1. Tell me, which residue of the stretch 51-76 that is of a type in the set (D, E, K, R) and touching a Gly at 6+ places or on another chain (Cβ under 7 Å) is nearest to L12 (Cα to Cα)?
2. E92 is checked against (1) free of Cβ contacts under 8 Å to residues at least 12 places away in the same chain; (2) exposed (fewer than 13 other Cβ atoms within 10 Å of the Cβ); (3) of a type outside the set (K, R) and fails just one. What number does that condition carry?
3. Just checking, does the stretch 90-102 include any residue being assigned to a strand (DSSP E or B) and among the aliphatic types (A, V, I, L, M)?
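Each reported figure results from applying straightforward, stated rules to the coordinates on display, with no laboratory input. Everything quoted here is computed from the prediction, not taken from an experiment. Here the Cβ positions follow ideal geometry from the backbone for every residue, glycine too, while neighbour counts run over all protein chains shown.
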Amino acid sequence: MLILFNKPFNVLSQFTDKGLDGSKRETLSNYIDVPKVYPAGRLDKDSEGLLLLTDNGRLQSRIADPKYKMEKTYLAQVEGDISGASLARLREGITLKDGPTGQTDAREIDEPKWLWPRTPPVRFRKTVSDCWIEITIREGRNRQIRRMTAAIGHPTLRLIRWRIGEWALEGLETGTWRED
């Protein structure tokens, strides 16, 4: 079984919350009531979009294990107007504190017309412009896209995973899922 889930902003990519402060944060169990499925990889609480869940260990490994280099495509709203030189740096790879990233595919895009509103909305500032980029990576380090865009001077304001390998978010409203 494979589930494609459009994870909303501020939802943990796990079924339980063992937070130390006793507060109850939203988890996958608020949206998915299917026994014995587990996330194949992770998506940060403050990121949105495609999360795959499966009950198949081999498939989970093929999706999540970095040795398979499965492509993941993200749409990122970043601060400032991005230049061709900045996009070239993303494409070549960035050296982060934990080492160099692999090469990426990166390009500027128009804001997606189909995009759902985020709750809460991204903070709007009159004096700071923003733009959207599409970036495809073949690895998946912790907060990698956010760290890469920050390293080139364009902090990420909103991050949506659009595609993992052959599976895409297309047709899934935020907070909904379907079986593939």
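1. It comes out as K72.
2. That leaves (2) as the condition not met.
3. Narrowing the stretch 90-102 to residues assigned to a strand (DSSP E or B): 95-96, 99-100.
Cutting the leftovers down to among the aliphatic types (A, V, I, L, M) gives us 96.
There is at least one residue in the stretch 90-102 that is assigned to a strand (DSSP E or B) and among the aliphatic types (A, V, I, L, M).
Okay, residues lined up against (1) over 26 Å from E166 (Cα atoms); (2) among the basic types (K, R); (3) buried (at least 17 other Cβ atoms within 10 Å of the Cβ); (4) touching a residue at least 12 places away in the same chain (Cβ under 8 Å):
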residue	(1), (2), (3), (4)
G57	no, no, no, no
Q60	no, no, yes, yes
V78	no, no, yes, yes
L87	no, no, yes, yes
G102	no, no, no, yes
